[in-house]
């Protein structure tokens, strides 16, 4: 009740965003000061940094182990407003940074679909956004960071260091990031001049994607339940930074509406979602619509509804996000859409985007050139896991990857196939650090 | 205060979560701040944060508030550095372990000195300076624990209760001088100080508490509960007859 002033709950909970799987740390150690190293020698078991818990699956969980809660490492350190360099502690949220820099004419180089992620989490998952085709990943804009190892050693490293390349996308396993420095970008104002284009199917999507280079941000929403000639229909959204009449709403404001309780398990079923998808698709009557909107609803539409994941019912949900390389990549993507539509799984909104050619800086970074698709599935008993195993096989065949930050179920074999630099990464892992995800993809 | 000169705020216990969040609100308005705390690294981390968030100026001084002589020095340093003060916020304190205080008088007295003695050491020179200036606001973080002695933390409660009386008298004295004295009484706030307690529905974030503290100071409230809903709760707890209260396990 009382705590959600700024979207951050006062009460601590240590779940992942999809609320699947359930896992409980044996203990939690709050890290409050960057100058004070946690007493690693006194802490038992494996440790894992935890901040906002916005990873969907189990990469931010440490079942039976210890979580280092870094949400209080929330201090800014320095902002060079001439050069656009910001240094801050790892628990600072992107919302906090935007509140400071947007009025001063700067923006984060990369933002994901929610502003409630920490800088440490953005680095550990080497997150991407709607401008991947131009800017690459978040980690590509980190100029340096400090890593605190369980030996007590502090290492400041930058893009040319192997330890940095292991830490970016390294799922929090190379040690505790205490602070990082980020290169920001200039913007004209807090608005986004956006264009929404309804497209009838997958071919039309790929045609629109050839125009991506002319826009800073592009992404498409796709109806995953449509079949036959309408397969892959959706709405393409693209935009650029623009001045805005009047002030933008504060990014620190919480959601206007919060889902108060878990919805009944069957609320999001094939019928309700098909109706929703149809209505959403039809909501755009014209083929094209242009408008200027504040940046927050453009980037973070779901932040407008607090605890929206409760709509998926008590067992939680999984999000499946894959990338399939190749230009054009419509072959495997079309097969994936067909499998989802045929499976009978109530898939809700899918998000489709072309990743650019920028090489990701991390050894275990997920983004690579190709087409990425993200789809939510409610968990009910053993569903939708068989379907997702099938999709993994398609992605492996195509030489793609599945995103660990969203994952709760990929097999060790798939993980090794998706991340060929795994052997380069291993020597840099901190031996005291582990996660539920890490143990799962290393199970024999 | 003329609009072109940013507000001058002195914060003791500046590395505490509630003080930091309150100072962040002032920093966003471009305030000039003088921060005092015990640990140099932590103090510098907070100072850098406030500078980055827009404070016009941030000065610091190391202070262990149980060093009463040093308290007076730091008050003078703050007053001199900022050329006078508009607001003084005392936010230092520790939540002692009740069981250890019951086992050791020295332990109990030490915690009373940190939570009450040090406040007197700071408030005495501060009150005289504010009184002479004829304006400004002294705000002190007390606690709902000071409203009634309870078996589970009466040593802490005694210090905060004594502080309450001290501030009442000070408010009464400084009223004529045009100086406000604000007693702030937080309930459960999610801070490192309460990390050992099980979190219930009455817990609020430090950020919420900081905003409420800032508002209470700006509105020159006499006594402000943080957040507001502790006022009716404590009203009920205060009116329970002692004959009944002594039987409760609170």
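According to the Kirkwood expression over distinct Cα-Cα pairs, how big is the hydrodynamic radius of the range B:1-147, in Å? List each step's numbers first, then the result.
Working: mean 1/r = 0.0637 Å⁻¹.
Hydrodynamic radius (Kirkwood, Cα only) of the range B:1-147 equals 15.7 Å.
Once both axes come from the Cα atoms, what is the angle between helix B:154-175 and the longest principal axis of chain B, in degrees from 0 to 90, rounded to 10?
Computed tilt is about 50 degrees.
Kindly state, as a whole number, the per residue volume in cubic angstrom of the convex hull around the alpha carbon atoms of the protein assembly as shown. Don't skip to the answer; put the middle values down first.
Values: hull volume 119.5 nm³, N = 694.
It is 172 Å³ per residue.
In what sequence do A:185, A:130, B:185, B:246 fall when counting other Cβ within 10 Å, fewest first? Display every interim value, and only then the final one.
Numbers: A:185 16, A:130 25, B:185 22, B:246 10.
Taking fewest neighbouring Cβ atoms as first place, the list is B:246, A:185, B:185, A:130.
I'd like the mean, over residues of A:77-90, of how many other protein chain beta carbons sit within 10 Å of each residue's own Cβ.
Per residue, the number of nearby Cβ atoms from other chains is 2 on average.
For chain A, what is the mean residue ellipticity at 222 nm derived from helices alone (per DSSP H run of n ≥ 4: -39500 (n - 2.57); sum divided by total residues; nearest 500 deg cm²/dmol)? Provide the component values of the computation, followed by the final result.
Details: 12 runs with 95 residues, N = 444.
Taken over chain A, the calculation gives -5500 deg cm²/dmol.
Send over the semi-axes of the range A:101-141's equivalent ellipsoid, whole angstrom and largest first, taken as the square roots of 5 times the C-alpha gyration tensor eigenvalues. Walk me through the intermediate numbers first.
Numbers: eigenvalues 51, 35, 17 Å².
For the range A:101-141, the semi-axes come out at 16, 13, 9 Å.
Taking 1 over the mean of 1/r across every pair of different Cα atoms in the range B:204-250, what Kirkwood radius in Å do you get? Before the final figure, lay out each step's value.
Working: mean 1/r = 0.0804 Å⁻¹.
Hydrodynamic radius (Kirkwood, Cα only) of the range B:204-250 equals 12.4 Å.
Determine the distance separating the Cα centre of the range A:264-332 from the Cα centre of the range B:143-202; give it in Å without decimals.
48 Å
When only alpha-carbon atoms count, how far does the range A:86-204 stretch along each of its three principal axes, as whole angstroms with the largest first?
55, 37, 24
Under a 10 Å cutoff between Cα atoms, tell me which one of A:55, A:118, A:343 has the largest fluctuation in the Gaussian network model of chain A.
A:343
Order of B:38, A:44 from fewest to most other C-beta atoms within 10 Å? Display every interim value, and only then the final one.
Details: B:38 16, A:44 9.
Fewest to most other Cβ atoms nearby, the residues stand as A:44, B:38.
Compute the distance from the alpha-carbon center of the range A:61-106 to that of the range B:3-43, in whole Å.
Centre-to-centre distance over Cα atoms comes out at 19 Å.
For chain A, modelled as a Gaussian network with Cα springs under 10 Å, which listed residue fluctuates most, A:41, A:181, A:146?
A:41
Taking only Cα atoms, what is the 0 to 90° angle, nearest 10, from helix B:206-218's long axis to the longest principal axis of chain B?
70 degrees
Just to be sure I understand: of the beta bridges DSSP finds with both ends in the protein assembly as shown, what percent are antiparallel, rounded to 5? The partial results should precede the final answer.
Details: 65 of 106 bridges.
About 60 percent, rounded to the nearest 5.
Which angle between 0 and 90 degrees, to the nearest 10, do you get for helix B:230-239 versus the longest principal axis of chain B when only C-alpha atoms count?
Taking the Cα atoms of chain B, the angle to B:230-239 is about 40 degrees.
How large is the translational diffusion coefficient of the range B:116-250 in µm² per second when you combine the Kirkwood radius over alpha carbon pairs with Stokes-Einstein at 10 °C and 1.306 mPa s?
Working: Rh = 15.9 Å.
In µm²/s, the coefficient rounds to 100.
For the range A:219-280, what Kirkwood radius comes out of the mean inverse Cα-Cα distance, in Å?
Working: mean 1/r = 0.0642 Å⁻¹.
Hydrodynamic radius (Kirkwood, Cα pairs) of the range A:219-280 is 15.6 Å.
So what is the relative contact order for chain A, in percent, with contacts set as C-alpha pairs under 8 Å and at least six apart? Could the numbers behind the result be given before it?
Values: 1051 pairs, mean separation 85.4, N = 444.
So the answer I get is 19 percent.
At q = 0.09, 0.13 Å⁻¹, work out log10 I(q)/I(0) for chain B with the Debye formula, treating every Cα as an identical point scatterer and leaving solvent out; two decimals please.
-0.37, -0.78
In percent, how large is the relative contact order of the range A:191-410, given Cα pairs closer than 8 Å and 6 or more residues apart?
Answer for the range A:191-410 is 25 percent.
Grab the DSSP H runs of chain B that are 4 residues or longer, score each as -39,500 (n - 2.57), total them, divide by all residues and round the 222 nm result to the nearest 500 deg cm²/dmol.
Values: 10 runs with 118 residues, N = 250.
Using -39500 (n - 2.57) per qualifying helix, the result is -14500 deg cm²/dmol.
Got a sec? How would B:214, B:92, A:128, A:213 order by Cβ neighbour count within 10 Å, fewest to most?
Working: B:214 22, B:92 26, A:128 29, A:213 10.
Placing the least packed residue first, the sequence is A:213, B:214, B:92, A:128.
For the range A:326-414, just run the numbers: alpha carbon Rg, then divide by 2.2 N^0.38 Å, N being how many residues it has. It would help to have the intermediate numbers written out before the result.
Numbers: Rg = 13.2 Å, N = 89, 2.2 N^0.38 = 12.1 Å.
Normalised by 2.2 N^0.38 Å, the Cα Rg of the range A:326-414 equals 1.09.
Quick one: check the C-alpha center-to-center distance for the range A:368-413 versus the range A:167-220, whole angstrom.
Spelled out, the Cα-based centre of one part sits 21 Å from the other.
Averaging sequence separations of C-alpha pairs under 8 Å and six or more residues apart, then dividing by the length of the range A:367-428, give the relative contact order as a whole percent. The partial results should precede the final answer.
Working: 20 pairs, mean separation 15.2, N = 62.
Reported as a whole number, the value is 25 percent.
Output the direction-averaged projected area (hull surface divided by four) of the convex hull of the alpha-carbon atoms of the range A:191-410, in nm².
Working: hull surface 51.8 nm².
Hull-based average projected area comes out at 13.0 nm².
Values quoted throughout were computed directly from the atomic coordinates according to the rules given, and no laboratory measurement underlies them. As the structure is a computational prediction, the values presented were derived from the model and not from experiment. Using ideal geometry, Cβ is built from the backbone for each residue, glycine included, and neighbour counts are taken over all protein chains shown.
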